[in-house]
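Taking it in order: structure first as structure tokens, then the write-up.
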Amino acid sequence: MSGRLHGRRAIVTGAGSGIGAAVAAKLLADGAEVFTADVQGDVDFTADLTRDAVNTRLVAEAVEAMGGLDTVVPCAGVSAFHPLEGHDDAYFLRVLDVNLIAVFRLVREATPHLKAHGAGRIVTIGSTTSSYGDEGLCAYAASKHAVLGFTKSVAAELGPFGVTATCVQPGAIATPMTAPAFEQMPEYQTFWENKAPLRRLGRPEDIADVVAFLCSKAARFVSGHGLWVDGGAMGRH
Ligand code: NAD
């Protein structure tokens with residue numbers, strides 16, 4: 001097999017749907033071996049990733065299946081609109097568990113393998129809400145700000161071992177995550193389409209192409225960085 005990711009061995013979580021599924025397909029198409037995980041869908045490893053031992057087992061099974069590990073792309077995530085008033089603790093903590101703590105645990109467990117490889121890659125999935133807040137998204141935005149900060153710190157710590165860590169920050173992307181909100185509030189979809197100078201929602205493939213670049217040798221000097229992939233929406237006043 002050839003391709004710019006030939007020889008690379010990646011874990012992609014959230015690969016049962018949306019952006020994660022597109023990322024897994026793109027890394028495969030570019031020649032990587034990919035070990036996929038999700039709580040649902042057609043994946044190699046089916047589990048709820050919010051439990052510590054699960055991430056240890058995921059890394060062990062991926063390393064055994066692929067003979068090593070040099071790339072981690074945690075895409076699994078949850079989101080929903082909840083106003084601050086009446087926002088219950090359990091839901092807030094659940095969002096942090098999936099979007100932040102599971103990412104931390106997976107990256108922690110993968111780190112010895114990434115360091116041993118010498119050119120490891122970590123690409124986390126933040127959001128434009130890693131940089132800005134939004135109404136009804138206090139838990140989600142808190143988790144995504146945290147993922148960006150986590151990624152920058154990991155980049156600082158693992159850079160001396162040749163590992164890069166970057167955070168892709170998608171804008172509004174048409175996936176099963178956003179479909180219910182856009183169905184219930186068509187004006188919200190129109191708002192995002194108009195806010196983006198490119199005048200459309202993103203597609204999962206728009207994100208997957210950027211992730212694949214960041215996983216490739218071409219991105220070897222890009223690290224500690226959050227990158228908006230949002231059709232220009234956030235760069236526009
Ligand atoms: P999606 O709902 O299509 O996919 C998310 C996947 O994560 C699902 O397959 C789900 O089963 C999985 N998942 C959720 N909780 C899990 C758990 N505890 N254990 C294992 N798997 C779990 O959503 P998407 O839009 O593809 O989102 C992917 C990532 O992109 C998320 O981190 C999301 O926050 C981020 N993102 C999405 C958008 C967007 O507009 N769609 C924008 C910015 C960021």
Take the residues in the range 1-20 that are in contact with a Pro (Cβ under 7 Å, 6 or more places away or on another chain) and at negative phi; name whichever of them is surrounded by the fewest Cβ atoms within 10 Å (Cβ to Cβ). 17
Within the range 24-59, count every residue that is touching a residue at least 24 places away in the same chain (Cβ under 8 Å), closer than 17 Å to residue 79 by Cβ and touching a helix residue (DSSP H, G or I) at 6+ places or on another chain (Cβ under 8 Å). 3
Unmet requirement for residue 2, which otherwise passes all of (1) of a type in the set (S, T, N, Q); (2) within 23 Å of residue 169 (Cα to Cα); (3) more than 8 Å from the ligand (Cβ to nearest atom); (4) at pLDDT below 95: (2)
Whether any residue in the range 111-133 is within 13 Å of the ligand (Cβ to nearest atom) and free of Cβ contacts under 8 Å to residues at least 40 places away in the same chain is what I want to check. yes
In the range 180-200, anything among the small types (Gly, Ala, Ser) and modelled with pLDDT under 95 is listed as 181
Wholly enclosed helices (runs of 4 or more DSSP H) of the range 148-237 bearing at least 2 residues within 13 Å of the ligand (Cβ to nearest atom) and surrounded by fewer than 14 Cβ atoms within 10 Å (Cβ to Cβ): 179-184
The range 184-206 residues that are touching a residue at least 24 places away in the same chain (Cβ under 8 Å), paired with ones that are in a helix (DSSP H, G or I) and charged (D, E, K, R) (beta carbon under 8 Å, 6 or more apart): 199/193; 200/193; 201/193; 205/26
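The values are calculated or read from the model by the stated rules, or taken from the named source; none is laboratory data. The structure presented is a predicted model; accordingly, all values stated were derived computationally and were not measured. Glycine also receives a Cβ, built like all others from the backbone with ideal geometry; neighbour counts cover every protein chain displayed.
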